[in-house]
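Q: I'd like to ask you about the structure that follows.
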Amino acid sequence: LPFDLEVLAQELGDECFLMLRTHYLDAYKLTEEHRTFAADLSKHHDVTELMLLADVLVTDYSSVMFDFANTGRPMVFYTYDYEEYVRDERGTYFDLAEQAPGPMVADTAGLVAALRDVDALHERNRERYAAFRARYGEYETGSAAEHVVERFLAKGRDR
């Protein structure tokens, strides 16, 4: 893992439980000593279910940020390799540093600090979060299922 799980467990173990879901090409095996602090849920078939359980999302450049933004809950961006990723890897579709709806942290200490006071960091980023949701979630109204039922079932009644 790109962060120190032992430090996270020591610093946040009584306050947090980490649901780890790695990229499908990555693999990580948690040791028995971390089972009370973290679980590897990488093989769980539906990330949506995990997002419903999560109080905060810690991600890097994953598109899961767009889905999680609909929950209104805080996000922390663990971007320890940001410069290299933007320069040498795939890059990003937009300037994450400019638009991220939460703090970008580059090391385990930054991650601990962000998670220690997640409510305050969410409040400090409220305007950025609102701008992010307005830009990337403009069609998310929370009533998609209702609209589908109205459109398709109402059509059937009119025939």
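The values are calculated or read from the model by the stated rules, or taken from the named source; none is laboratory data. Nothing here was measured: the structure is a model prediction, and the numbers come from that model. Reconstructed Cβ throughout: ideal geometry from the backbone, glycine too, with neighbour counts over all protein chains shown. When the accessible area is computed, the model is the full protein with side chains, heavy atoms only, and any ligands, DNA or RNA have been set aside. Shrake-Rupley method; radii C 1.70, N 1.55, O 1.52, S 1.80 Å.
Q: What pairs come up if the first residue lies in the stretch 36-49 and is in contact (Cβ under 8 Å) with a residue 24 or more places away in the chain, the second is in a loop (DSSP other than H, G, I, E, B) and aromatic (Phe, Trp, Tyr), and their beta carbons are under 9 Å apart, counting only those six or more places apart or on different chains?
A: Phe37/Phe17; Ala38/Phe17
Q: For the stretch 14-25, give me the residue count where each residue is farther than 16 Å from Ala114 by Cβ and either open to solvent by less than 60 Å² (accessible area, probe 1.4 Å) or free of Cβ contacts under 8 Å to residues at least 12 places away in the same chain (or both).
A: Count: 4.
Q: Please identify the pairs in which a residue from the stretch 113-131 that is of a type in the set (Ser, Thr, Tyr) has its Cβ atom under 9 Å from the Cβ atom of a residue that is loosely packed, with under 12 Cβ neighbours inside 10 Å and not in a helix (DSSP H, G or I), counting only partners at least 6 apart or on another chain.
A: Tyr129/Gly72
Q: With Arg133, Arg124 as the choices, which residue is within 17 Å of the chain's Cα centre (by Cα) and either surrounded by 11 or more Cβ atoms within 10 Å (Cβ to Cβ) or more than 29 Å from Leu8 (Cβ to Cβ) (or both)?
A: Result of the check over Arg133, Arg124: Arg133.
Q: Follow-up question, since we're still on this one. Against the definition (at pLDDT below 90, open to solvent by 20 Å² or more (accessible area, probe 1.4 Å) and of a type in the set (A, V, I, L, M, F, W, C)), how does Val86 come out, yes or no?
A: yes
Q: One residue is enough: does the stretch 140-156 have a residue meeting the conditions among the polar types (S, T, N, Q) and under 18 Å from Thr22 (Cα atoms)?
A: No.
Q: Turning to a different aspect of this structure: Might you check whether a residue that is charged (D, E, K, R) and under 18 Å from Arg116 (Cα atoms) occurs anywhere in the stretch 33-42?
A: no
Q: I need the full set of residues from the stretch 63-83 which are open to solvent by less than 50 Å² (accessible area, probe 1.4 Å), more than 26 Å from Ser143 (Cβ to Cβ) and not in a strand (DSSP E or B), in order please.
A: Within the stretch 63-83, Thr79, Asp81, Tyr82 meet the criteria.
Q: Follow-up question, since we're still on this one. From the list Thr31, Thr48, Thr59, pick out the single residue that is of a type outside the set (A, V, I, L, M, F, W, C), closer than 18 Å to Thr108 by Cβ and under 16 Å from the mean Cα position of the chain (by Cα).
A: Within the list Thr31, Thr48, Thr59, the selection yields Thr59.
Q: Given Ala54, Ala9, which one is modelled with pLDDT of 90 or more, open to solvent by less than 60 Å² (accessible area, probe 1.4 Å), within 28 Å of Glu98 (Cα to Cα) and touching a Ser or Thr at 6+ places or on another chain (Cβ under 9 Å)?
A: Ala54
Q: Further question on the same structure: Looking only at the stretch 93-107, count how many residues are part of a loop (DSSP other than H, G, I, E, B) and either at pLDDT 90 or above or of a type in the set (Phe, Trp, Tyr) (or both).
A: 8
Q: Can you find, within the stretch 32-43, the residue that is modelled with the lowest pLDDT among those that are open to solvent by less than 60 Å² (accessible area, probe 1.4 Å) and outside any strand (DSSP E or B)?
A: My answer is His34.
Q: Could you tell me whether Val105 is within 19 Å of Ala120 (Cα to Cα), surrounded by 14 or more Cβ atoms within 10 Å (Cβ to Cβ) and within 15 Å of the chain's Cα centre (by Cα)?
A: For Val105, the condition - within 19 Å of Ala120 (Cα to Cα), surrounded by 14 or more Cβ atoms within 10 Å (Cβ to Cβ) and within 15 Å of the chain's Cα centre (by Cα) - is met.
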